[in-house]
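Values in this text are rule-based calculations from the coordinates and carry no lab data. Here the structure is a predicted model, which means the values were calculated and not measured. Methodologically, a virtual Cβ is constructed for each residue, glycine included, from the backbone with ideal geometry; neighbour enumeration extends over all protein chains shown.
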């Protein structure tokens, strides 16, 4: 009886998958990514977020015009980056709401971060600059990872339509990694926005009215926007938890950059790229298949012998592998380093690190 149920579930899954591909072929705007999230073709949630960010951007534009006309210095420093990031977020969510198949499925998309920041300025409290730049860094990363997530899903759909199971698996693997990161980034946004708004009032700045119900900067913490963002974060978490095991990794990539975040630290070690996958009680590294690991947009394979060492000195053995930086496609500019692979029993794993730009001396 149990076997019959399993076969029935498999049949249902096959029918749904076939329907997914048929819809993708006949309706180019139908969202394969949202189907994977369990929305079954409904782009309502992503579209709602796109509208919310579009409206936020419009109000930020009004604030920007007011601040430019009245020469409110700190307002100009914050609202200009906020306006740019709002446009990026709206565009990203709109793309997710209707992502067509991409026939270029043999190319890997890695997030390209375009950041706008509040510059350091004499007389501006360091806490003010830090809080706003933390928020803007999150916005920039979210927009970049969202774009890569959409592209990876489009290419997974393209590979599925072409009957290329290998590339469908690779693109879906990357999409799951990006979904995990999107869940983390969007979960952090409410607190980061609240901190930025608090620093505004701590600097004794007045609220600025605009066309919406909330003044600036409070509109960045609008309840509807925060609610939709929380729902999206939960959806990304549900997708990632069922698709990938996120691992931490220490990466040493020649002179290509330095880490922005712990624990995915990037340190100088020319000419190759050394990666230590950090072991834990949740995933002992002895379960990781070194031959499955692929690094960067070039999907570089590990080179030479692997070894086990306690790289982060936490008492758990870590898996240390080396890659060719040229093969990995990791450049010298600021960006993201990705690592995907699997365990010996077939579970997908992935790591993602943000790196600052540096010189490439090799």
Notebook entry, point to check: Any idea how far the Cα center of the range 278-336 sits from the one of the range 228-251, in Å?
Noted result: 20
Note to self: Which residues among the range 185-229 fall inside the zone where the amide N is under 15 Å from a point 7 Å beyond the Cα of residue 127, along Cα→Cβ?
What the structure shows: 194-205
Next item on the list: Figure the gain on full extension for residue 314 and residue 116 (residue separation times 0.36 nm, minus the Cα-Cα span) and round it to one decimal in nm.
Entry: 67.7 nm
Notebook entry, point to check: Going highest first, how would you order 100-112, 136-148 by mean Cβ packing within 10 Å?
Noted result: 136-148, 100-112
Check: Using mean Cβ contacts within 10 Å as the protection proxy, how do 50-61, 340-351 order, highest first?
Finding: 50-61, 340-351
Next item on the list: State whether the range 51-144 is rounded, prolate or oblate according to the following rule on the C-alpha gyration tensor (a ≥ b ≥ c being the square roots of its eigenvalues): a/c under 1.5 gives rounded; otherwise a/b larger than b/c gives prolate, and the remaining case gives oblate.
Entry: oblate
